[in-house]
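Undergrad: Take a look at this one; I'll ask things after.
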Amino acid sequence: MSESLLNPKPNKTVRAALLGAVAVLALGGALGAVNIAPQITTSAHAEAPLTNASMPSFADTIQRVRGAVVSVKVNIVESANDEAGPGQGPQGMPRLQPGDPLERFFRRFGEEGLPFQMPNQRQQQRRGIAQGSGFIISADGYVVTNNHVVKNARGDVSLTLDGGKTVTAKVIGTDEKTDLALLKINEAGSYPFVDFAANAPRVGDWVVAIGNPFGLGGTVTAGIVSARGRDIGAGPYDDFLQIDAPVNRGNSGGPTFDTNGQVVGVNTAIYSPSGGSVGIGFAIPSSTVKDVVAALRDKGVVARGYIGVQIQPVTAEIADSLGLKDNRGALIAETQPNTPAAKAGLKSGDVIVSVDGQNVDGPRDLSRRIAAYGPEHKVSVAYLRSGKEMTANVVLEALPDQQRADARPGRDNGRGEQLDQKFGLSLAPASAVPGAGKEGVVVADVDPDGAGARMGLRSGDVILEAAGQPVTRPSEVSAALAAARKDGRKAVLLRVKSGDNTRFVALVTNPAS
């Protein structure tokens with residue numbers, strides 16, 4: 001979310017910070033006295049000093065592309081009601097129920113034209129400005145920026161072009177899941193624009209960022225691609241480029257170029273203890289941007305495919321429990337009823353290894369692939385079940401706005417049946433725990449130093465299956481562990497429900513003391 005100039009609240013913790021706001025920071029310091037001994041060369045063939053010719057220059061590239069980069073200014077409105085606590089109106093005034101004597105008092109004075117309003121109705125709105133960056137992608141004036149830069153816009157967005165001219169633009173569409181937005185300049189004309197790169201940059205390639213950091217429009221910084229495929233927890237389709245070209249607040253939505261002047265990413269976040277650049281920035285890769293922008297330009301929204309499964313990574317322990325040779329693919333923790341996956345026969349415990357012949361690296365890779373196909377698309381899914389590879393044809397549906405399970409398991413405040421002390425788990429039948437339902441075994445208590453806690457089990461979790469078999473009593477979990485230990489297996493696969501989510505946990509059979 002873009003930050004405004006109204007009420008900045010700096011976060012002192014290290015975080016992935018969105019870059020959409022402008023803040024004036026004093027960047028300075030004192031240089032200490034440093035004595036540097038003069039270099040004395042005794043060789044007759046002294047090395048020539050470094051010249052500009054031996055260092056990379058991006059001047060030609062910048063000259064070609066900077067005309068397409070714009071500064072984005074957004075008028076936003078915030079309500080003081082957002083600051084009020086529970087049960088309070090604006091400025092801490094109580095929220096009045098209909099019929100309350102004070103409610104009639106305020107209403108009467110308001111009807112008589114006196115300067116009183118109902119506390120529940122008083123809207124103390126504060127206006128401010130959020131700023132970011134963007135870039136033009138077509139001669140007729142389509143502009144890409146971040147969703148968090150324009151999401152609170154009231155009316156048209158103001159753009160400042162490279163030459164200083166200001167124009168207005170309307171928001172064509174936004175996509176919160178990838179933090180992208182598409183604008184269209186209102187004034188007809190032929191605008192300079194840039195193209196997206198056809199190929200992804202490699203780690204170590206030079207990149208250049210141009211944007212509006214701290215409101216200082218037209219700023220150019222350079223660095224390299226530090227990593228690819230970063231997941232920073234910003235959304236379900238994280239696949240960021242990590243760059244060390246300095247980007248700061250206000251760079252949000254601005255482009256990252258390769259040395260050919262093509263856009264390889266859209267700057268969207270930084271990792272910083274202070275809110276300023278420490279050399280760790282994140283950009284949405286151009287491959288994602290192109291697909292999202294095309295959808296926004298065509299329909300104003302992004303329609304994504306949906307398969308209807310909860311998935312998780314295949315760890316080495318889980319692979320061993322399932323008898324798999326490696327830990328590739330995405331493990332289905334639960335198949336939602338009446339979804340494409342359920343209709344195609346996919347079940348919990350299946351491991352999806354490829355889609356349309358393309359290998360699946362993990363859960364996020366699968367999510368991105370399925371989403372990119374869009375609804376009503378038919379895909380061939382290869383999966384492993386009991387060590388055998390099988391295939392299913394799945395007809396995708398539209399991604400629902402929200403997915404929530406119907407029931408939440410309750411928690412038992414007492415102690416249940418104790419497993420071996422090394423596991424640190426106390427279990428009880430779900431049927432004996434109020435609110436936990438009739439299926440499974442509830443984790444009643446967890447020793448924070450035990451093997452169960454190290455594997456991620458928590459009090460209130462419900463174990464639905466152990467080693468692929470439904471369980472209803474703690475003794476069945478103990479038996480599954482004993483059988484696995486006898487067979488020489490390193491872990492037992494538990495299917496566990498936590499709140500609204502279901503996942504698999506590989507519980508080691510011989511935990512350390």
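The numbers here are math on the coordinates, done by the rules we state, and not lab data. These numbers were taken from a predicted model, which means no experiment stands behind them. Counting neighbours? That spans all protein chains shown, and the Cβs are built from the backbone with ideal geometry, glycine included.
Undergrad: Counting Lys and Arg as +1 and Asp and Glu as -1, each charge on the Cβ, what is the dipole of the range 202-335 about the Cα centre in debye, to the nearest 20?
TA: Value, rounded to 20: 360 debye.
Undergrad: For the range 305-398, what is the convex hull volume of its Cα atoms per residue in Å³?
TA: Cα convex hull per residue, to the nearest whole number: 77 Å³.
Undergrad: Counting Lys and Arg as +1 and Asp and Glu as -1, what is the net charge of the other residues whose Cβ lies under 14 Å from the Cβ of Ser133?
TA: +1
Undergrad: When ranked by the protection proxy of mean other Cβ atoms within 10 Å per residue, highest first, what sequence do the peptides 236-244, 295-303 form?
TA: 236-244, 295-303
Undergrad: Under 26 Å Cα to Cα from Lys325, which lysines show up? Leave out anything in the same chain fewer than 8 places away.
TA: Straight-line reach from Lys325, under 26 Å: Lys347, Lys388, Lys486, Lys490.
Undergrad: Under a Cβ-only charge scheme (Lys and Arg +1, Asp and Glu -1), can you give me the dipole magnitude of the range 305-398 about the Cα centre, in debye to the nearest 20?
TA: The calculated dipole for the range 305-398 is roughly 140 debye.
Undergrad: Count charges around Ala344 for me, please; just the other residues with Cβ under 12 Å from its Cβ, Lys/Arg as +1, Asp/Glu as -1.
TA: The answer is +1.
Undergrad: Sort the following peptides by mean Cβ neighbour count (other Cβ atoms within 10 Å, averaged over residues), highest first: 187-195, 311-319.
TA: The most tightly packed comes first, giving 311-319, 187-195.
Undergrad: Search the structure for amide H atoms under 5 Å from the amide H of Asp205, placed 1.01 Å from N in the peptide plane, and list their residues when 5 or more places away or on another chain.
TA: For Asp205, the qualifying residues are Val225.
Undergrad: Right, next: Taking a ≥ b ≥ c as the square roots of the eigenvalues of the Cα gyration tensor of the range 168-233, is the shape rounded (a/c under 1.5), prolate (a/b larger than b/c) or oblate?
TA: Here the range 168-233 falls in the prolate category.
Undergrad: Hey, quick one: spin label on Ser274, modelled 7 Å out along Cα-Cβ, who in the range 129-145 has an amide N within reach, i.e. under 20 Å?
TA: none
Undergrad: Could you check the simple spin-label distance between Thr315 and Asp140, using points 7 Å along Cα→Cβ, in nm with one decimal?
TA: 5.3
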